[in-house]
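The values are calculated or read from the model by the stated rules, or taken from the named source; none is laboratory data. Everything quoted here is computed from the prediction, not taken from an experiment. As a convention, Cβ positions derive from the backbone with ideal geometry for all residues, glycine included, and neighbour counts pool all protein chains shown.
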Amino acid sequence: MGTQTAMVTGASSGIGVDIARQLAKRGLNLILVARRRERLEALAAELQQHGVQALVLDCDLADRQQLNGLMARAEQWLQAEQLVLTVLVNNAGTGVWDWFENQTREVSQRDIDLNVTALTTLCHDFIGQAKAHGEPSHILNVASLAAMLPTPRFVVYSATKAYVQRFSEILDYELRQTNISVTCSCPGGVLTEFMEHAGQELKGDTGMMSSEDVARLAVQAMFAGQLIHVPGALNKLSTLVRFLPHSLKIRLVEKSMLVTVRDK
């Protein structure tokens with residue numbers, strides 16, 4: 001068993017689970033973070049087959065007090081087990097598929113707290129640790145294709161993911177002469193629980209990628225030091241829409257969403 005360890009947020013379902021699996025296969029120990037402890041414990045037990053250790057930390061990252069104490073909880077375990085935190089995966093995220101005026105202020109604020117504040121805070125905490133131990137280290141921030149394409153009915157989600165992309169780009173530049181690289185993964189639609197939680201219902205076969213494929217490609221991009229990663233040929237093609245005039249671009253994005261998603 002090696003000493004390298006990864007922290008993965010949103011590790012109770014979807015892309016987060018599969019990123020944790022990919023990292024365990026590579027021999028990294030895991031710190032699994034999410035609200036649903038029972039799911040984290042089941043995943044931790046599964047990952048033991050790879051001969052790695054896994055720490056379960058239940059945490060509501062949108063709660064500022066819990067967020068501020070998270071890295072200290074992880075550090076106690078790391079020191080006790082003589083491990084080093086070399087990978088941070090900011091995967092936890094949320095969004096609501098609805099017109100902005102229909103969303104409560106509390107729901108919108110939670111999206112911002114989770115997608116922006118938690119990610120930013122954990123990156124800051126991680127950088128201090130990674131610089132201190134000096135081992136090659138990586139940050140993987142999971143954004144979305146919506147970061148590149150303004151998405152009506154996903155206004156807060158799209159805007160917060162645009163922050164994640166720009167933040168990652170600048171942070172990677174600032175860290176270019178250090179032992180830390182930054183990767184921002186921008187997947188399109190993925191078949192996970194996220195869509196149900198966002199209030200979306202699919203119209204038949206959409207051709208969306210699986211979370212397993214997205215996770216595998218994102219982890220590969222992270223270890224390759226790729227800054228912006230868009231998984232899947234169709235998603236890469238979709239990014240070309242961003243070069244169109246704004247009025248045309250935003251209408252095309254809206255129509256493309258309505259082809260695959262119906263209102264509940």
Going residue by residue through region 86-93, is there one that turns out to be farther than 15 Å from ALA6 by Cβ and modelled with pLDDT of 95 or more?
no
Do we have VAL87 as β-branched (Val, Ile, Thr) and not in a helix (DSSP H, G or I) here?
yes
So, in region 235-264, of the ones that are surrounded by 13 or more Cβ atoms within 10 Å (Cβ to Cβ) and in contact with a strand residue (DSSP E or B) (Cβ under 9 Å, 6 or more places away or on another chain), which residue ends up modelled with the lowest pLDDT?
VAL261
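One line per residue, one yes/no per condition, for (1) of a type in the set (S, T, N, Q); (2) under 19 Å from GLY232 (Cα atoms); (3) surrounded by fewer than 18 Cβ atoms within 10 Å (Cβ to Cβ):
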position	(1), (2), (3)
THR117	yes, no, yes
CYS123	no, no, no
ILE127	no, no, no
ALA130	no, no, no
PHE154	no, no, no
SER158	yes, no, no
ARG166	no, no, yes
Select from region 1-16 the residues that are closer than 20 Å to CYS184 by Cβ and hydrophobic (A, V, I, L, M, F, W, C) and list them in ascending order.
ALA6, MET7, VAL8, ALA11, ILE15
